[in-house]
Amino acid sequence: MSNAVSQTPGRISRLLASAPTVVFVAYSVLAAFGAYFCMYAFRKPFAAARFEGEFFAGGELELKSAIVISQVLGYALSKYVGIKVCSELPPRYHPAFLIILIVWAEAALWGFAQSPGSFKVIAIFLNGLALGMVWGLVVRFLEGRVTSELLLAGLSASFIVSSGIVKDVGRAFMSGSAASWWERVPGIGPLVAETLGPVSESWMPAITGLHFLPFFILFVWMLAQIPGRTQFDEAQRHARESMDGRVRTDFLLAYLPGLVLLLLAYLLLTAYRDFRDNFSVELFGELGYPYVGNESIITQAEIWVAVGVLLTLALLNALRRSRVGLMATFAVMAGGTAMLAFSTWALEAGLISGFVWMTLVGFGSYLAYVPYGSMLFERLMATTSIVGTAVFGIYMADAVGYTGSVGMLLFKDLVAAEMSRLEFFKLFTYGMAAVGTVCLIASCFYFLRRSED
């Protein structure tokens, strides 16, 4: 299959339009993966810092928890805004808007570095407010194609591996070991290495983001070269037009029961994934893996998770019939939530190590979580009569999910403060497995009954 000539003029677009599918997919995945990977350098490095002994406004809430909550609040608000913006914004504005958002996020990190104590929560809120719409805008380049599941699977792998890598990069800046990277760069490298040295917890996020900014701009430029959808794409996956308020309301009313089940599961999944992600340093520490001697342990775990999830989603992409693909997607997601309980039982029974457990609960949670942002709504849109964009469904779920994440963080520090993060996470795992599995199975039966395929 070849792709039609792009609406965007340019030599690369024309070459991609007539290139073999494997070339088109490889280029698109590289561009999308790279852009979203770099975005995480502006979102997650602060989680590598601990801010030990510091509390928000002199109260009982730990400063790190307050920072996490504040960023998630901004991110969640951005998702609500993104329901409208990402589903309505014309494609020609996507590249410029992406760069504006990331520059805004970096400026907020500089404000974070210079803000004292509790005032950091304001800067990190503004950072989250900018970053919440990046995912939807990147997805708009990829959705509605016969290869969309494969493209979105490649994109999804970016946030699985990037979170761990950028936190390890951030820790390298704080320890001063990152200076050795610059020493190998000819010209200004040694001079930059001299000025870096060990970076403080406050400055580390801004410095990390600054290093990734040129690469983000490059990958956004690459995204802008991707050709538009072909007539064959639209015939197979329906047209993906911007959705106005009336169309969005029609979609909600037509599928409300199934959507409620999906959103409840996603609310818990987002809170669970976020807790593991934001406090992975602390969880590994409580499991007996201190930072010294385990500098890259987060990256090691997440790479295994990413490989497993990517291979699973690639297999799902081989299922061409939308109804069969939808069934298989739900089966994989429910299997992922069930894995959470099984792996936690195995840890408590002494059958697996803490590292294996963190890898397995990461794998299980991402098996259930990633399809929401990639193939689940792509399949749902393909099996219904709604003409619109999968980004609307994705952002509706994200808005609800990150609201739940804020609630869970507040509950842990204000209601379950006496519990260690590891104890709380284990209990949360069993609850997530039980409720999530039931909701996913029930929603699967609902949507299969409403499927047109």
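Would you order Y255, Y266 from fewest to most other beta-carbon atoms within 10 Å of each residue's own beta-carbon?
Working: Y255 19, Y266 25.
Listing Y255, Y266 from fewest to most nearby Cβ atoms yields Y255, Y266.
Which order, highest average first, do 165-173, 423-431, 118-126, 14-22 follow once you tally other Cβ atoms within 10 Å for each residue and take the mean per peptide? Walk me through the intermediate numbers first.
On the way: 165-173: 22.7, 423-431: 17.0, 118-126: 20.1, 14-22: 14.7.
Per-residue Cβ counts within 10 Å, averaged per peptide and sorted highest first, yield 165-173, 118-126, 423-431, 14-22.
Per-residue 3J(HN,Hα) values for region 167-173, derived from phi via the Karplus relation 6.51 cos²θ - 1.76 cosθ + 1.60 with θ = phi - 60°, read 5, 5, 5, x, 5, 5, 5 Hz in sequence order (x marks Gly and Pro).
Amide hydrogen proximity for G228: with H placed 1.01 Å from N in the peptide plane, the residues at 5 or more positions away or on another chain lying under 5 Å are S6, Q7, T8. Listed here are the pairs K120/K426; K84/K412; K79/K426; K44/K64; K64/K84; which of them are more than 22 Å apart at the Cα? From the list (K120/K426; K84/K412; K79/K426; K44/K64; K64/K84), the Cα-Cα distance tops 22 Å for K120/K426; K84/K412; K79/K426; K64/K84.
Cut-off is 10 Å between beta-carbons; in what order do D250, D413, D398 appear when sorted fewest neighbours first? Each step should come with its number before you reach the end.
Details: D250 14, D413 20, D398 27.
Listing D250, D413, D398 from fewest to most nearby Cβ atoms yields D250, D413, D398.
Sequence-ordered 3J(HN,Hα) estimates for region 100-105 from the Karplus curve with 6.51, -1.76 and 1.60 and θ = phi - 60° stand at 4, 4, 6, 5, 4, 4 Hz, glycine and proline given as x. Look at where the Cα atoms of region 300-378 and of region 390-434 average out, and the two centres are 18 Å apart. Counting every other Cβ atom within 10 Å of each residue's Cβ, C444, C38 order from fewest to most as C444, C38.
For G176, the residues 5 or more places off, or on other chains, whose built amide H falls under 5 Å of its own are V199.
Close amide H pairs (under 5 Å, H built 1.01 Å from N) link F55 with L63, residues at least 5 positions away or on another chain.
Values quoted throughout were computed directly from the atomic coordinates according to the rules given, and no laboratory measurement underlies them. Only a predicted model underlies this, so the values are computations on that prediction, with no experimental measurement involved. A quick note on method: Cβ atoms are made from the backbone with ideal geometry, for glycine too, and the neighbour counts reach across all protein chains shown.
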